[in-house]
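See structure below.
The values are calculated or read from the model by the stated rules, or taken from the named source; none is laboratory data. Since we're looking at a predicted model, the values are computed, not measured. A quick note on method: Cβ atoms are made from the backbone with ideal geometry, for glycine too, and the neighbour counts reach across all protein chains shown.
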Amino acid sequence: MYAIDHNDLGTPAAAAGEPVTLEIDGSTVTVPAGTSVMRAAALAGGHIPKLCATDTLKAFGSCRLCLVEIEGRKGFPASCTTQVAEGMKVRTQSPRIEKLRRGVVELYVSDHPLDCEECPANGHCELQDAAEELGVTGSRYADGGATQRGVAQDASNPYFVFNPDLCIVCSRCVRACDETQGTLALTIEGRGFGSRVSASQHQPFLESECVSCGACVEACPTAALTEKLPIALGAPTKAVSTTCGYCGVGCSFKAEVKGETVVRMVPNRAGSANKGHACVKGRFAFGYATHADRVRKPMIRKRITDPWREVSWEEAINYTASEFKRIQQKYGPDSVGGITSSRCTNEETFLVQKLVRAALGTNNVDTCARVCHSATGYGLKHTLGESAGTQAFTSVTKADVIMVIGANPTDGHPVFASQLKRRLRQGAKLIVIDPRVIDLVRSPHIEATAHLQLLPGTNVAVINALAHVVVTEGLANDAYAEARCEVDTYRKWKAFVSQPKNSPEATEAISGVPAALVRKAARIYAAGPNSAIYYGLGVTEHSQGTTMVMGIANLAMATGNLGREGVGVSPLRGQNNVQGSCDMGSFPHEFSGYRHVSDGPTRSLFEAAWHAKLASEPGLRIPNMFEAALDGSFRALYIQGEDFVQSDPNTNHVVAALSAMECVVVQDLFLIETARYAHVFLPGASFLEKDGTFTNAERRISRVRKVTEPLAGLADWEITMQLAQALGYPMHYTHPSEIMDEIARLTPTFHGVSYEKLERLGSIQWPCNDAAPEGTPTMHVGSFVRGKGKFYLTEYVPTSERSTSRFPLLLTTGRVLYQYNVGTQTRRTSNLAWQEEDRLDMHPDDAEDRGIKDGDWVGVTSRTGDMVMRAVVSRRMTPGVVYTTFHFPESGVNLVTTENSDWATNCPEYKVTAVEVVKVGQPEAWQERIRSERSAQRRPAVPAT
Ligand code: SF4
Ligand code: SF4
Ligand code: SF4
Ligand code: FES
């Protein structure tokens, strides 16, 4: 049977201190000062039994099983809480020690009988191990405790069960929830034999504050907290290291497998992004990969009103190729295009853009990052010189001030949020700029020093006001900015932000943020000394998304907060491979590595490598493709892993555009909403079914490894390759590593990347080349990538989307922890137990004005459409602002959002829609229909238009 190979050293590593040499059982060992005797013994190859200690948590010293003898010291100190000292002599084994340890185990066994044969943890229980090691088979203190016996199991959580009978009250779960996760949902109630673990106010786990990260389950030494699936499916037989397919944190996992079934996802302790932690999605919500809804056969149909016809791969691919050729012949080479997916691998994304540029001869390729972080790429490239975040996640551990703008890390990037919260508990200051009271503003042991609760659409006014304070109060770091940035742009920027119109007092009327609070936040940020900015889609998804990204970069440059650990500008990427899909040349104007298609030498490089003539003019962006489809000039689209109909704004417009095309090809796991308008369906592979790489929000390239075979027979890169061949373009790879080799050859920032190196180093942060052979954790050290940093003037231009007497409220959108993006994956998992519908959050004053109570159905109307959902009356909202998520198709949230978009990149303005909300009796008929169809997870998407 497969067993986890992790060797638990008992206590965490000490911070690198002076070397200390001691003797343990006659062997000499040297370890850093601050190391525990238990860890030193383990590092020396010895073993001390333990129950309450584990190397992911601080030592607690409660079980007394790990006691040792130390020469010159009285008694038997616990080795987990005793630090090494120079010349110390330790004995870990002796008859007296063994007797004491046996007594400890007997006490535990009195309360937790060794009924191991019937226990799900049989063979994986640390109490069982200790008993065996010490030869304990029963207890002299029979039923001395028996305190937990008969207490009902708590199976409320869909993924794990708590069995108090098996609890030894070691407190590892409580400490995991505090230290690793930072939710503090668990306590030990009562005293002595009466003590027991309790979630929140003695609630079932599902109803408590628990966010189901699983850290407590992993930390539990017995079967008191156990995952349900391994009990149901049996022990795994092998493990494969891979990377999470959900968010941009990019957690590393060991996928434990039995046959072709994943039994458990164990966070990888060696994973650089997550260091052994995970969230509910990555750890538990993988069941969608084998959901009955997965499409396993290619399908085609002549018209979108025809029924689907299952066909062979050969027929589907030949049909697609012949349609694309026919359409290009009839309407010209630019009448077709392709979309890459931020959920697919780098290699797959690279192949799609290669197919579009080289096989179809057009630059009409775009990516779903268009609708999330395209503004980041543009803004950071122009100011700093590179379209990516500047830091590694671990940088946050050195930050003194953390500014979070338009991001909700506890829901969107949970594992990073745990790191961030740890730093806050250590005393770092927090500034939150967000229209909502997000969890970070106030949660156990955390309180934001300043929460700037601005009105949606006023980010730029606020960043200018912060800059105004920094400059006019003499808080800028002139020496840094003048040495490292273009001095003329810096001076112009200073003059611009110093203007009275940008003062906090002047912008208060625009943003709603009190001037004093802006001044306070600016002073805290400028004082640092290490100040870091983390931001999300609340920055980019605006008509001034790019302006705001530039404003953030300006502020960081002016205060000298770039180019070292603890500082920086870090966009938190939503999906697993948003960074990668952008890096791989998915935009219509750029080859991989962000090089413009009009650049002759770069184009020649690709033409020589691809043996094809490439277009020098940028192609169409997604919204332009839709416009061109409605004009009749754009007729065919190859979509890899993207559900426009649910994710893109103004759904009716998207549907009309797709309906106007002659050949829409959807490559996906499920019959997504967009597939309703498709002529060809190519069944894709989940992240568990293929090899490749993802690049996370810290530019970290990590391997995705095939855990099971593709359900439909082909990985996505193989589908694209076969389509290219059917189009008459030679494309031959036998493994994704060969695609990465090509990417490395053609992309300067990837020159040093290879699968061999990824295998050796675990992961690599690009740039990785001769100048940085092992990658670049921190960007812009010493100088900016573009040479001198460039300041841009960031004039605040109000969005045209404003509240009016007809639409007096502003709707803004976001995500919840348990669902992911358009919900295609998470809606097909037990995460529905926490959230099974989108809801509208509104402030009590707005609700009262409209006679709306918590749970009422409400109609939400904007100038583009309407929807009905349930209201949640919540003080998280500021009056005048309402909020919802977009995870469920029956909500039709994007029927309401508008066509407004960022001036530079067309990133949609999801975050600001003027609406009115009224109480209604029930959802629309089409919503009810979709809801009931969704229960079978086989439904079309939007109302007929
Ligand atoms: S699952 Fe996570 S959040 Fe829930 S109690 Fe355990 S450690 Fe805490
Ligand atoms: S549930 Fe497990 S980890 Fe928590 S106190 Fe009980 S035995 Fe220890
Ligand atoms: S934090 Fe993101 S990458 Fe990590 S397990 Fe959760 S969803 Fe996956
Ligand atoms: S392991 Fe040291 S006291 Fe429990």
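Here are the numbers:
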{"item": "Residue in the stretch 192-202 that is free of Cβ contacts under 8 Å to residues at least 40 places away in the same chain, within 12 Å of ligand 1 (Cβ to nearest atom) and not β-branched (Val, Ile, Thr) present", "result": "yes"}
{"item": "Single residue of GLY580, GLY619 found to be buried (at least 19 other Cβ atoms within 10 Å of the Cβ), in a loop (DSSP other than H, G, I, E, B) and in contact with a Ser or Thr (Cβ under 9 Å, 6 or more places away or on another chain)", "result": "GLY619"}
{"item": "Index of the failed condition, THR804 passing every other in (1) out of contact with any strand residue (DSSP E or B) (no Cβ under 9 Å at 6 or more places or on another chain); (2) outside the structural domain of THR864 (by TED's automatic domain parsing)", "result": "(1)"}
{"item": "Matching option when the condition is more than 21 Å from the chain's Cα centre (by Cα), in contact (Cβ under 8 Å) with a residue 60 or more places away in the chain, outside the structural domain of ARG827 (by TED's automatic domain parsing) and under 19 Å from THR693 (Cα atoms), among ALA224, ALA255, ALA273, ALA239", "result": "ALA239"}
{"item": "Any hit, the stretch 113-129, residues being closer than 25 Å to ARG175 by Cβ, within 16 Å of ligand 1 (Cβ to nearest atom) and either assigned by TED's automatic domain parsing to the domain that holds PRO164 or not hydroxyl-bearing (Ser, Thr, Tyr) (or both)", "result": "no"}
{"item": "Among (1) within 15 Å of ligand 1 (Cβ to nearest atom); (2) in contact (Cβ under 8 Å) with a residue 40 or more places away in the chain; (3) touching a Gly at 6+ places or on another chain (Cβ under 9 Å); (4) more than 24 Å from VAL816 (Cβ to Cβ) - the single one GLU218 does not satisfy", "result": "(4)"}
{"item": "In the stretch 293-325, the residues that are without any contact (Cβ under 8 Å) to a residue 24 or more places away in the chain and under 20 Å from GLY713 (Cα atoms)", "result": "ARG309, GLU310, VAL311, SER312, GLU314, GLU315"}
{"item": "Single unsatisfied condition, SER633 versus (1) polar (S, T, N, Q); (2) farther than 21 Å from SER581 by Cβ; (3) assigned to a strand (DSSP E or B)", "result": "(3)"}
{"item": "Number of the condition not met by ALA609 [criteria: (1) farther than 30 Å from GLY814 by Cα; (2) of a type in the set (Gly, Ala, Ser); (3) outside any helix (DSSP H, G or I)]", "result": "(3)"}
{"item": "Matching residues in the stretch 514-542 - criterion: being crowded, with 24+ Cβ neighbours inside 10 Å and either of a type in the set (Lys, Arg) or in a loop (DSSP other than H, G, I, E, B) (or both)", "result": "GLY536, GLU541, HIS542"}
{"item": "Filter result for the condition that a residue is hydrophobic (A, V, I, L, M, F, W, C) and in the same structural domain as SER498 (by TED's automatic domain parsing), over MET557, MET584", "result": "MET557"}
{"item": "Among the candidates LEU57, LEU65, LEU51, LEU127, residue that is within 15 Å of ligand 2 (Cβ to nearest atom), outside any loop (DSSP other than H, G, I, E, B) and in contact (Cβ under 8 Å) with a residue 40 or more places away in the chain", "result": "LEU127"}
{"item": "Selection count where residues are in contact with a helix residue (DSSP H, G or I) (Cβ under 8 Å, 6 or more places away or on another chain), within 16 Å of ligand 4 (Cβ to nearest atom) and either among the basic types (Lys, Arg) or part of a loop (DSSP other than H, G, I, E, B) (or both), scope the stretch 78-90", "result": "4"}
{"item": "Restricting the stretch 221-248 to residues that are within 16 Å of ligand 1 (Cβ to nearest atom) and among the β-branched types (Val, Ile, Thr), the residue that is modelled with the lowest pLDDT", "result": "THR222"}
{"item": "Odd one out for SER110, checked against (1) part of a helix (DSSP H, G or I); (2) out of contact with any Gly (no Cβ under 7 Å at 6 or more places or on another chain); (3) at pLDDT below 90", "result": "(2)"}
{"item": "Verdict on PRO204 being of a type outside the set (D, E, K, R), within 16 Å of ligand 4 (Cβ to nearest atom) and out of contact with any His (no Cβ under 9 Å at 6 or more places or on another chain)", "result": "no"}
{"item": "Any chance VAL217 is within 16 Å of ligand 3 (Cβ to nearest atom) and part of a helix (DSSP H, G or I)", "result": "yes"}
{"item": "Filtered residues of the stretch 792-816 (kept if crowded, with 23+ Cβ neighbours inside 10 Å and farther than 16 Å from GLY865 by Cα)", "result": "THR794, GLY814"}
{"item": "Top-ranked residue of the stretch 163-193 - restricted to ones that are within 16 Å of ligand 4 (Cβ to nearest atom) and basic (Lys, Arg), ranked as surrounded by the most Cβ atoms within 10 Å (Cβ to Cβ)", "result": "ARG172"}
{"item": "Hits in the stretch 719-762 (condition: of a type in the set (Asp, Glu) and assigned by TED's automatic domain parsing to the domain that holds GLU347)", "result": "GLU738, ASP741, GLU742"}
{"item": "So PRO77, is it surrounded by 17 or more Cβ atoms within 10 Å (Cβ to Cβ) and on the phi < 0 side of the Ramachandran plot", "result": "yes"}
{"item": "Which listed residue, of THR747, THR693, is in contact with a Pro (Cβ under 8 Å, 6 or more places away or on another chain) and touching a residue at least 40 places away in the same chain (Cβ under 8 Å)", "result": "THR693"}
{"item": "Residue in the stretch 502-512 that is closer than 16 Å to GLY536 by Cα, surrounded by 20 or more Cβ atoms within 10 Å (Cβ to Cβ), of a type in the set (Gly, Ala, Ser) and touching a Leu at 6+ places or on another chain (Cβ under 7 Å) present", "result": "no"}
{"item": "Residue that is nearest to ligand 2 (Cβ to nearest atom) [pool: residues in the stretch 365-421 that are basic (Lys, Arg) and at pLDDT below 95]", "result": "ARG370"}
{"item": "So THR180, is it away from ligand 1 (no atom under 14 Å from the Cβ) and either part of a strand (DSSP E or B) or assigned by TED's automatic domain parsing to the domain that holds ALA285 (or both)", "result": "no"}
{"item": "Those strands (runs of 3 or more DSSP E) lying entirely in the stretch 315-410 with at least 3 residues of a type in the set (A, V, I, L, M, F, W, C) and surrounded by 24 or more Cβ atoms within 10 Å (Cβ to Cβ)", "result": "401-405"}
{"item": "The stretch 387-416 residues that are on the phi > 0 side of the Ramachandran plot, paired with ones that are acidic (Asp, Glu) and modelled with pLDDT of 95 or more (beta carbon under 7 Å, 6 or more apart)", "result": "GLY406/ASP434"}
